[in-house]
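Following: one structure in structure tokens, then a few remarks.
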Amino acid sequence: MLWLEVLAAALFTLQVTKSGFDVALVSAARSLPLLIAGAFMGVISDATNRKRIVVAGLLVSAGSAGTVGMLAAWGMLRPWQIAIAALVSGFVYATEMPARRRMVAESAGPSFALRAVAVDSMASYATRCAGPLLGGLAYQYVGLAGAFLLSAALNISMAILVSTIHYRQELMRRLSLTSALRDLRDGLSFAVKRRTLALLLGITILTNLFGYSYSTLLTPIGKLILGLSPVMIGVLAAAEPAGSLLAGIFVALKPLPGHPLRWLAGGATTLFLGLVMASLLGRLPHALIPMLIVFGLGGIGSAVYNIHQTTIVMTETPPAFRSRVMGLVTVCIGCWPLGMIAAGALITPFGLLGALAALGVGGLAGMAILASVTRKRRIA
């Protein structure tokens with residue numbers, strides 16, 4: 001439902017404003033809470049039952065989507081109202097890493113945590129494929145109102161399903177503002193002193209600032225460059241997660257050998273290279289199929305990155321610090337909306353395909369700088 005809403009909101013905003021930058025702003029509103037509240041969500045998830053957080057979040061998302069659907073049905077909806085609803089849902093999304101994903105890993109136990117995370121990531125990639133496709137279909141045939149009312153209904157259904165899960169939280173901490181700030185400070189201090197975790201945070205910032213922010217360009221590229229229908233724009237948006245799904249299946253069946261940090265960095269680099277290639281292929285007369293293939297290959301790198309991101313936190317961090325470190329990872333993921341806004345701003349000087357290339361080049365340059373700094377420190 002997240003990706004259904006993202007695509008439907010982008011199509012509506014582009015139709016009303018004819019501005020790729022406005023699409024970027026509306027899309028960024030959904031992920032902005034990751035930056036401003038992500039770390040606190042990690043602390044809160046240590047002090048509150050994580051199952052209750054997940055259920056409450058689904059109900060809030062249902063209310064937000066239902067409001068947008070009703071406003072659209074009454075002909076009263078404006079892009080700024082979608083942005084507010086996206087902001088509300090974004091606070092729910094900020095609980096994803098420290099609450100729901102941690103529940104998955106804890107429920108599986110240490111022996112199966114990696115495979116459980118891989119299966120969870122695989123399911124996420126599958127829904128990232130289905131979401132844009134369903135969003136494009138819904139927008140084309142039942143309009144924005146139907147798309148968001150469908151989202152509201154399914155969020156309520158998911159809340160009911162999660163409420164039936166048997167989950168026992170081993171460690172509960174008292175929640176206070178003073179202790180929350182102290183926990184955040186301690187979590188940051190713990191992470192930056194450990195090379196693997198520090199690199200994890202740096203690569204996460206680069207991947208969300210220059211990598212995943214490309215998604216805000218897909219609707220304008222599909223509509224204005226490739227001349228696609230809403231359904232085919234959904235197909236374009238589903239290409240990267242389709243590649244991620246295939247890679248997720250492989251890793252779930254056979255975990256990759258070697259240090260997870262190398263796979264994390266390699267996955268991010270593959271995604272950046274995919275963006276540069278897609279921008280070049282987009283200038284061809286019949287660009288859709290080549291772009292789908294390249295985005296799919298980039299999705300393989302995305303899956304490898306995502307799976308090992310959670311794995312590193314679970315294996316390199318003692319239980320007492322895991323939620324705090326996951327909260328810090330969520331803050332780094334919060335660079336995503338800044339990247340979206342930057343992508344939108346790059347459209348004016350470079351055009352849509354040029355902005356896509358600039359994101360990929362920026363990511364590759366950032367990885368090179370990060371590698372250089374790390375190498376110098378190790379020598380020192």
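The values are calculated or read from the model by the stated rules, or taken from the named source; none is laboratory data. These figures come from a predicted structure and were not determined experimentally. Heads up, the Cβs are rebuilt from the backbone with ideal geometry, glycines too, and the neighbour counts pull from every protein chain shown.
Being over 25 Å from I312 (Cβ atoms) and touching a residue at least 60 places away in the same chain (Cβ under 8 Å) holds for only one residue in L59, L87, L2, and it is L59. Scanning the range 130-145 for residues that are over 12 Å from I233 (Cα atoms), of a type in the set (A, V, I, L, M) and either in contact (Cβ under 8 Å) with a residue 60 or more places away in the chain or part of a helix (DSSP H, G or I) (or both) yields A130, A138, L144, A145. When A237 is tested against (1) at pLDDT 90 or above; (2) within 18 Å of T330 (Cα to Cα), exactly one condition is not met: (2). If I filter the range 360-378 for residues that are surrounded by fewer than 20 Cβ atoms within 10 Å (Cβ to Cβ), hydrophobic (A, V, I, L, M, F, W, C) and touching a Phe, Trp or Tyr at 6+ places or on another chain (Cβ under 6 Å), do I get at least one hit? The answer is yes, given that some residue of the range 360-378 is surrounded by fewer than 20 Cβ atoms within 10 Å (Cβ to Cβ), hydrophobic (A, V, I, L, M, F, W, C) and touching a Phe, Trp or Tyr at 6+ places or on another chain (Cβ under 6 Å).
Those residues that are surrounded by fewer than 21 Cβ atoms within 10 Å (Cβ to Cβ) and either among the charged types (D, E, K, R) or at pLDDT 80 or above (or both), I need them from the range 168-187; list them, please. Those that are surrounded by fewer than 21 Cβ atoms within 10 Å (Cβ to Cβ) and either among the charged types (D, E, K, R) or at pLDDT 80 or above (or both): R168, E170, R173, R174, R182, R185, D186.
Of all residues in the range 242-259, those that are crowded, with 23+ Cβ neighbours inside 10 Å and of a type outside the set (A, V, I, L, M, F, W, C) total 3. Taking the conditions exactly as written (free of Cβ contacts under 8 Å to residues at least 60 places away in the same chain, closer than 26 Å to G227 by Cβ and either surrounded by 24 or more Cβ atoms within 10 Å (Cβ to Cβ) or not aromatic (F, W, Y) (or both)), does F350 satisfy them or not? Against the criterion (free of Cβ contacts under 8 Å to residues at least 60 places away in the same chain, closer than 26 Å to G227 by Cβ and either surrounded by 24 or more Cβ atoms within 10 Å (Cβ to Cβ) or not aromatic (F, W, Y) (or both)), F350 does not qualify.
Within the range 308-322, restricting attention to residues that are of a type outside the set (S, T, N, Q) and at pLDDT 80 or above, which residue is farthest from L246 (Cα to Cα)? Looking at the filtered set, the residue picked out is P318. Of the residues A145, A113, the single one that is surrounded by 16 or more Cβ atoms within 10 Å (Cβ to Cβ), within 29 Å of L2 (Cα to Cα), at pLDDT below 85 and among the aliphatic types (A, V, I, L, M) is A113. Between S124, S151, S64, the distinction of being touching an Asp or Glu at 6+ places or on another chain (Cβ under 6 Å) and closer than 19 Å to W3 by Cβ belongs to S151 only. Taken as a whole, the condition of being modelled with pLDDT of 85 or more, of a type in the set (V, I, T) and either surrounded by fewer than 16 Cβ atoms within 10 Å (Cβ to Cβ) or under 27 Å from T13 (Cα atoms) (or both) applies to I341.
Table: residues versus (1) among the aromatic types (F, W, Y); (2) closer than 30 Å to K254 by Cα.
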{"position": "G69", "(1), (2)": "no, no"}
{"position": "Q81", "(1), (2)": "no, no"}
{"position": "F91", "(1), (2)": "yes, no"}
{"position": "G136", "(1), (2)": "no, no"}
{"position": "Q140", "(1), (2)": "no, no"}
{"position": "A145", "(1), (2)": "no, no"}
{"position": "V162", "(1), (2)": "no, yes"}
{"position": "H166", "(1), (2)": "no, yes"}
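What number of residues within the range 248-277 satisfy the criterion of being of a type in the set (A, V, I, L, M, F, W, C) and in contact with a Phe, Trp or Tyr (Cβ under 6 Å, 6 or more places away or on another chain)? Selection size over the range 248-277: 4. Answer yes or no: is there a residue in the range 43-59 that is over 30 Å from F250 (Cα atoms), of a type in the set (V, I, T) and surrounded by 20 or more Cβ atoms within 10 Å (Cβ to Cβ). Yes, some residue in the range 43-59 is over 30 Å from F250 (Cα atoms), of a type in the set (V, I, T) and surrounded by 20 or more Cβ atoms within 10 Å (Cβ to Cβ). The sole residue among T317, T310 that is in contact with a Lys or Arg (Cβ under 9 Å, 6 or more places away or on another chain), of a type in the set (S, T, Y) and surrounded by fewer than 24 Cβ atoms within 10 Å (Cβ to Cβ) is T317.
Which members of the range 54-90 meet the condition of being within 28 Å of R115 (Cα to Cα) and hydrophobic (A, V, I, L, M, F, W, C)? Correct list: V54, V55, A56, L58. Set side by side, the residues A138, A113 differ, and just one is of a type in the set (A, V, I, L, M), under 16 Å from N306 (Cβ atoms) and in contact with a helix residue (DSSP H, G or I) (Cβ under 8 Å, 6 or more places away or on another chain), which is A113.
Across the range 108-129, the number of residues qualifying as within 18 Å of V313 (Cα to Cα) and part of a helix (DSSP H, G or I) comes to 13.
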